[in-house]
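Derivation of every value follows stated rules applied to the coordinates shown; laboratory data play no part. Quick caveat, the model's predicted, so the values are computed rather than measured. For neighbour counting, all protein chains shown are included, and Cβ atoms are generated from backbone atoms with ideal geometry for every residue, glycine included.
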Amino acid sequence: MNDSAFHSVDGVMHVEDVSAASLVEQFGTPLYVYSRDALTRAYRAYADACANRRATAHVAVKANSNLAVLNVFARMGAGFDIVSSGELARVIAAGGKVSNTVFSGVGKSATEMCEALELGVKCFNVESIPELHALDAVAGSLGKRAPVSLRVNPDVDAKTHPYISTGLKSNKFGVAFADARAAYRAAHAMANLDVVGIDCHIGSQITEISPYLDAVDKLLELVEQIEADGMKIHHIDVGGGLGITYDNETPPDIGRFVKTVLDHIDARGHGARDVYFEPGRSLGGNAGVLLTRVEYLKPGEEKNFAIVDAAMNDLARPAMYEAFHRIVPVVERAVVTAQRYDVVGPVCESGDWLGRDRDLAIEQGDLLAICSAGAYGFTMSSNYNTRPRAAEVMVDGERARVVRAREEVAQLFAGESVLPD
Ligand code: LLP
């Protein structure tokens, strides 16, 4: 197999050893396709860099929660980072260990806390004092102790899109840096909580290491204060957020990123503590594509449109963040000349676009691959316009398996009913 999981063989895109065109023949479009090899390599880069360093990668389930994808990571011994009971259920169904799962999120309900505590999650990443009280009450009612870390907002600029930057003062996330010491004291005073760690998550699609080092410095400053107050911080969780190449970004590679962060913590004299990472996008992002068929080519006065059968409900990122995804023909055409198109879906919104001003040599009926769609792709998809969600396929060498069947229209309103009179 070629070095990259997604590559061209005689002008036809292949995913590992399988032609993308044959996948569409078998499974139709729109179709999410993941490469087991690409997922494995990305996770292994984290695992190798963490080996012998008291460091662990907890896979952020929200980026791609397909059971087969989670199972690939679980088999390699990954931990997980969840934000809901639903994600916890997926981790368990995929063979992941609850005892190696951290529970993040700004609005955990009492029911979710109860479930996670009964099942034995490793740590609750708590985001406010009211949430500490709620967790304390739940733990007390179950006669258990809850392991907690506080998500501290270090107020550093992750230099990414405002919608996915989370470490600034103006964000809803975490406890403000200035309030963190008092929040830890409050946690310490609660009868049913065990303070075990500290965490932050400064944003997503971050392409530089320096914001992480700034955040770590601020956390370590707090760790010293918290320990002076009589608590022991066993672990430092630096969150997720490492970026990938969608276009021409040049993020650090995973190994260098992990090593630089760990070396920095060591150099500051904190090497004896456990360090957690919560990667999402950097594991799955470039391990998946979305395949779609060109329904119509529609010339316009100002723009030409390639109307495809995937839409904003399948891949929301362009509509939500004006995100760029490379779009390439599955079969290269030598005889057709390229024209400039906006690649758009059939949904009734002007915001329903997947790529703008793309030079493509295509004809009606051709297949396109929307690249870097393995993270925040399917997980953010919806049924808007009563569109069944796409099928998901995992390629493993020469084999391809459906890992989620295409939805049927009848499933979409199976839970609905009309009034009886
Ligand atoms: N940990 C926490 C607490 C998070 O909130 C997130 C992502 C992660 C870890 C994983 O971050 P990653 O390594 O994937 O950057 N939908 C947006 C991204 C939202 C990220 C939300 N939090 C997008 O499509 O760009």
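Ellipticity at 222 nm from helices only: DSSP H runs of n ≥ 4 in the chain, each -39500 (n - 2.57), divided by the residue count, give -8500 deg cm²/dmol. Residue 115 sits among other residues whose Cβ lies under 14 Å from its own Cβ, and their net charge, with Lys and Arg +1 and Asp and Glu -1, is 0. Counted by Cβ distance under 12 Å from residue 94, the other residues give a net charge of +2, where Lys and Arg count +1 and Asp and Glu count -1. On the principal axes of its alpha carbon atoms, the chain extends 73, 65, 42 Å, with the longest extent given first. Computed extension gain for residue 210 through residue 301, at 0.36 nm per residue and net of the alpha carbon distance, reaches 28.2 nm.
Packing around the peptides 263-272, 360-369, taken as the average count of other Cβ atoms within 10 Å per residue, puts them in this order, highest first: 360-369, 263-272.
The Rg/Rh ratio of segment 181-245, with both radii computed over alpha carbons and Rh defined as the Kirkwood radius, is 1.07.
For a test of the definition: using alpha carbon positions, the gyration tensor, and the 1.5 limit on a/c, classify segment 213-363 as rounded, prolate or oblate. Cα axes put segment 213-363 in the prolate bin. The long axis of helix 110-119 is offset from the longest Cα principal axis of the chain by roughly 80 degrees. Restricting attention to segment 105-277, close to 5% of DSSP beta bridges with both partner residues there are antiparallel. For segment 17-73, a simple Cβ point-charge model (Lys and Arg +1, Asp and Glu -1, everything else neutral) yields a dipole of about 420 debye relative to the Cα centre.
Straight-line cross-link reach from residue 97 at under 27 Å between alpha-carbon atoms covers these lysines, not counting any fewer than eight positions away in the same chain: 62, 108, 122, 144, 232, 259. Cross-link partners for residue 298 among the lysines, with Cα-Cα distance under 23 Å and sequence neighbours closer than 8 places in the same chain left out, do not exist in this structure.
I need the fraction of alpha carbon pairs in segment 1-136 separated by more than 20 Å, rounded to a whole percent. Tail fraction, whole percent: 56. Between helix 254-267 and the chain, what is the angle of the helix's C-alpha long axis to the longest principal axis, kept within 0 to 90° and rounded to the nearest 10? So the helix axis and the longest Cα principal axis differ by about 20 degrees. Inter-label distance, residue 145 to residue 248: 5.6 nm, where each label sits 7 Å from its Cα along the C-beta direction. Note on residue 159: aspartates and glutamates with a C-alpha under 14 Å away, same-chain residues under 8 apart excluded, are 208, 214, 249. The separation of segment 181-251 from segment 252-309, counted between C-alpha centres, amounts to 21 Å. Across segment 105-277, the mean sequence separation of Cα contacts (distance under 8 Å, 6 or more residues apart), normalised by length, yields a relative contact order of 20 percent. Where does the charge balance sit around residue 16 when Lys and Arg score +1, Asp and Glu -1, over other residues with C-beta under 10 Å from its C-beta? Residues close to residue 16 contribute a combined charge of -2. Taking every DSSP bridge with both residues inside the chain, close to 45 percent are antiparallel.
Here the scattering of segment 105-277 is modelled by Debye summation over its C-alpha atoms, one equal scatterer each and no solvent; at q = 0.09, 0.10, 0.14 Å⁻¹ the log10 of I(q)/I(0) is -0.31, -0.38, -0.73. In plain terms, the chain from residue 159 to residue 359 could stretch by 69.1 nm, reckoned as 0.36 nm per residue minus the Cα-Cα distance.
The angle separating the long axis of helix 36-50 from the principal Cα axis of greatest extent in the chain is about 30 degrees. Remark: 315, 213 ranked as 213, 315, counting other beta-carbon atoms within 10 Å and listing the fewest first. Listed from fewest to most Cβ neighbours within 10 Å, the set 348, 114 follows the order 348, 114.
For the pair residue 414 and residue 263, a Förster radius of 41 Å applied to the C-beta separation gives a FRET efficiency near 0.15, rounded to the nearest 0.05. Cα centroids of segment 120-150 and segment 15-59: 34 Å apart. In terms of other Cβ atoms within 10 Å, 244, 82 run from fewest to most in the order 244, 82.
Within segment 235-279, find all residues whose amide N lies under 19 Å from a label point positioned 7 Å from the Cα of residue 338 along Cα-to-beta-carbon. From segment 235-279, the list is 246-249.
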